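Chemist: Encoded as structure tokens, here's the structure I'll be asking about.
The values are calculated or read from the model by the stated rules, or taken from the named source; none is laboratory data. Everything numeric here is computed off the predicted structure, so don't read it as measured data. Here the Cβ is made from the backbone with ideal geometry for all residues, glycine too, and neighbour counts use every protein chain on show.
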Amino acid sequence: MRRATATPLVALLCAALLGCGSSESKQEADWESLEAALRAYLPKLGEAYAAGDVAHLEGLAAPKEMARIAKRIDELYAQGRTLEPEFLELTVEKVDVWGYANAFVNTVEIWNIRSYATGSHALVGEDLEKSNRVKYQFKREGDQWLVLYRTISD
């Protein structure tokens, strides 16, 4: 009698363990794909600010995020400033994937940020090796992740 009860229990335990393994590998794959998306996005974000052209972010950011960055670039220009951020380093601290298509990512990013007077290219400020905690929201489109929103926490 005990023997008959043990077999289904062992089968259930094995199935549970196999399921956990596939869940862990999916989490690892999501983490890696989101980190790769960020490593592609961040240098292009710096280029977009430096050039004053969000076209650098095509295929990496959603239109709403590109519009938000374009507005920020216009605000800086109206203040007589141009930013030239240089991406240096990325640490992904947390990844949460919801369903198949949504993700939230927390990072620590290190940048060299230089501010110039628009038109003259005279340096008006710099913040070298600036470390920021950043939160992202992503949306999966097809086989890639697009940045929906980026906000600096500190």
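Chemist: Need pairs with beta-carbon distance below 6 Å; first residue acidic (Asp, Glu) and within the stretch 118-133, second at pLDDT 95 or above; sequence gap 6+ or separate chains.
Modeler: Every condition considered, the pairs that remain are 126/114; 127/113; 129/110.
Chemist: Would you confirm whether or not the stretch 118-131 contains a residue that is under 21 Å from residue 27 (Cβ atoms) and at pLDDT below 95?
Modeler: Just the residues of the stretch 118-131 that are under 21 Å from residue 27 (Cβ atoms), to begin with: none.
No, there is no match, as no residue in the stretch 118-131 is under 21 Å from residue 27 (Cβ atoms) and at pLDDT below 95.
Chemist: So, one more: When you scan the stretch 89-100, do you find a residue that is of a type in the set (D, E, K, R) and touching a helix residue (DSSP H, G or I) at 6+ places or on another chain (Cβ under 7 Å), even just one?
Modeler: No, the stretch 89-100 contains no residue that is of a type in the set (D, E, K, R) and touching a helix residue (DSSP H, G or I) at 6+ places or on another chain (Cβ under 7 Å).
Chemist: If I filter the stretch 112-143 down to residues being polar (S, T, N, Q) and part of a strand (DSSP E or B), which single residue comes out as nearest to residue 98 (Cα to Cα)?
Modeler: 137
Chemist: Which of the residues spanning the stretch 26-85 are of a type in the set (Lys, Arg), assigned to a helix (DSSP H, G or I) and closer than 25 Å to residue 120 by Cβ? Let's see the steps before the verdict.
Modeler: Of all residues in the stretch 26-85, those of a type in the set (Lys, Arg) come to 26, 39, 44, 64, 68, 71-72, 81.
Checking which are assigned to a helix (DSSP H, G or I) leaves us with 26, 39, 44, 64, 68, 71-72.
71, 72, listed by residue number.
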